[in-house]
Amino acid sequence: MLEGSSANNDGSRWRVIMETVTPALKLVYFIRKVIYSGRTRFQEVDIVDISDFGKTLFIDGKLQSSVNWEWTYHESLVHPVMITHPNPKRVLIIGGGEGATLREVLRHNTVDEAIMVDLDDEIIDICKKFLPELHQGSFDDPRARLYISDGRKFLEEQSEGSYDVIIVDLTDPLKGTPSVYLYTLEFYKLIFRALTPDGLFVTQATSITHTPDIVASIHKTVANVFPIARIYHAWIPCFSALWGFVVGSKKYDPAMLAREEIASRIRERNLSGKLKFYDEIIHEAMFHLPKYIKECLVNKGRISTDSDPVCLLE
């Protein structure tokens, strides 16, 4: 949320936005221009211009996407699971209101239908208007289907085996918000049911740098549902952190996919010239975890349930 102004050395004033990363850490961003500031039925929304990041989206005071660096996050979220599946035709996205996750899914020429479910139609309209750099017209693709609904309720109404890939692109499980129930054992069982027999899913899993116990909890919870559960990571400059992602898969192991096969699928899907971050080498590197992360997965975290969800504290 916008926090007023701060003085420069020359006496001029900057407007700032402050993000709470952990109870002990806050980040302050100096704003060149406020593009949009308002509130939907569900959340506060600020779109501001920051010198290092360009146009940047904040939701409830937390940085979500920046034009200059969003591709590091969205390519990391989408392509490892999409490439791991040999022929993803029907894809479900839960969240992802700015449209960038949808954009990356639709880059795959195997996709016949990409269904995006988001609770907040107002944030989608705001991003369509003020952040066209993110969605790049993806909402108008004939393969795209947009549903305004609660993601969990939507899953409950789906037939068994409906999707090849499910991508969960939600806000962090912040205490007191509905998001905490979209990282639980019960939610992941709904995802398992909605996937085809060889389907897989991925969720953003918060910061390995700042909240490793949350990442470990998400991994443990997914591993309780899926026969294959993998964590991978990428440095996301606009998050100022090493970010975690967790995959749950019924059949295919993304960490075991050969480099040559990844490169072949990238070529077959005509992705080579469209990607700025992801390739076969990056894919392989993402799943090679530093020793401290491996130890964290063993020693930290717990299974998250509806009755006792794991959550971030303000």
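The values are calculated or read from the model by the stated rules, or taken from the named source; none is laboratory data. Source: prediction; values computed, not measured. Here the Cβ is made from the backbone with ideal geometry for all residues, glycine too, and neighbour counts use every protein chain on show.
Restricting attention to region 159-172, does a residue exist that is aromatic (Phe, Trp, Tyr) and either on the phi > 0 side of the Ramachandran plot or over 14 Å from the mean Cα position of the chain (by Cα) (or both)?
Within region 159-172, one or more residues are aromatic (Phe, Trp, Tyr) and either on the phi > 0 side of the Ramachandran plot or over 14 Å from the mean Cα position of the chain (by Cα) (or both).
Looking only at residues that are assigned to a loop (DSSP other than H, G, I, E, B) and aromatic (Phe, Trp, Tyr) in region 27-61, which one is surrounded by the most Cβ atoms within 10 Å (Cβ to Cβ)?
PHE53
In region 153-209, which residues are among the aliphatic types (A, V, I, L, M), assigned to a helix (DSSP H, G or I) and more than 19 Å from ALA223 (Cα to Cα)?
If the condition is that a residue be among the aliphatic types (A, V, I, L, M), assigned to a helix (DSSP H, G or I) and more than 19 Å from ALA223 (Cα to Cα), then LEU155 is the only one that fits.
Name, by its number, the condition in (1) free of Cβ contacts under 8 Å to residues at least 24 places away in the same chain; (2) in a loop (DSSP other than H, G, I, E, B); (3) under 18 Å from the mean Cα position of the chain (by Cα) that does not hold for PRO142.
Of (1) free of Cβ contacts under 8 Å to residues at least 24 places away in the same chain; (2) in a loop (DSSP other than H, G, I, E, B); (3) under 18 Å from the mean Cα position of the chain (by Cα), only one is false for PRO142: (3).
Six or more apart or on different chains, Cβ atoms under 7 Å: show the pairs whose first residue is in region 291-314 and farther than 26 Å from LEU190 by Cα and whose second is of a type in the set (Ser, Thr, Tyr).
If the second residue must be of a type in the set (Ser, Thr, Tyr), the pairs left are GLU314/THR20.
Just to check your reading of the model, which residue among ILE293, ILE281 is of a type outside the set (D, E, K, R), in the same structural domain as SER207 (by TED's automatic domain parsing) and at pLDDT 95 or above?
Of the residues listed, the single one that is of a type outside the set (D, E, K, R), in the same structural domain as SER207 (by TED's automatic domain parsing) and at pLDDT 95 or above is ILE281.
Which of the following residues is of a type in the set (Lys, Arg), more than 22 Å from THR84 (Cβ to Cβ) and touching a residue at least 12 places away in the same chain (Cβ under 8 Å): LYS189, LYS128, LYS153, LYS220?
The match here is LYS128.
Under the condition of being modelled with pLDDT under 95 and among the hydrophobic types (A, V, I, L, M, F, W, C), which residue from region 113-123 is surrounded by the fewest Cβ atoms within 10 Å (Cβ to Cβ)?
ILE123
Only one residue in GLY137, GLY176, GLY161 is surrounded by fewer than 16 Cβ atoms within 10 Å (Cβ to Cβ), in the same structural domain as VAL105 (by TED's automatic domain parsing) and within 13 Å of LEU92 (Cα to Cα), so which one is that?
None of the other options fit; the residue is GLY161.
For every residue, the table says whether it meets (1) in a helix (DSSP H, G or I); (2) out of contact with any His (no Cβ under 9 Å at 6 or more places or on another chain).
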site: LEU63; (1), (2): no, yes
site: THR72; (1), (2): yes, yes
site: SER76; (1), (2): yes, no
site: ILE93; (1), (2): no, yes
site: GLU98; (1), (2): no, no
site: ARG103; (1), (2): yes, no
site: VAL111; (1), (2): no, yes
site: ILE115; (1), (2): no, yes
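Only one of (1) farther than 30 Å from MET256 by Cα; (2) modelled with pLDDT of 95 or more fails for LEU102. Which number is that?
LEU102 satisfies all of (1) farther than 30 Å from MET256 by Cα; (2) modelled with pLDDT of 95 or more except (1).
Evaluate the following for SER304: is it assigned to a loop (DSSP other than H, G, I, E, B), surrounded by 13 or more Cβ atoms within 10 Å (Cβ to Cβ) and among the polar types (S, T, N, Q)?
yes
Taking region 103-143, which residues are aromatic (Phe, Trp, Tyr) and closer than 26 Å to ALA194 by Cβ?
If the condition is that a residue be aromatic (Phe, Trp, Tyr) and closer than 26 Å to ALA194 by Cβ, then PHE139 is the only one that fits.
Which residues, taken from region 202-219, are in contact with a helix residue (DSSP H, G or I) (Cβ under 8 Å, 6 or more places away or on another chain) and of a type outside the set (Asp, Glu)?
VAL202, THR203, GLN204, ALA205, THR206, SER207, ILE208, PRO212, VAL215, ALA216, HIS219
With respect to SER66, determine if the residue is in contact with a Phe, Trp or Tyr (Cβ under 6 Å, 6 or more places away or on another chain) and among the polar types (S, T, N, Q).
yes
Can you go through LYS276, LYS294 and tell me which one is surrounded by fewer than 19 Cβ atoms within 10 Å (Cβ to Cβ) and either of a type in the set (S, T, N, Q) or not in a helix (DSSP H, G or I) (or both)?
LYS276
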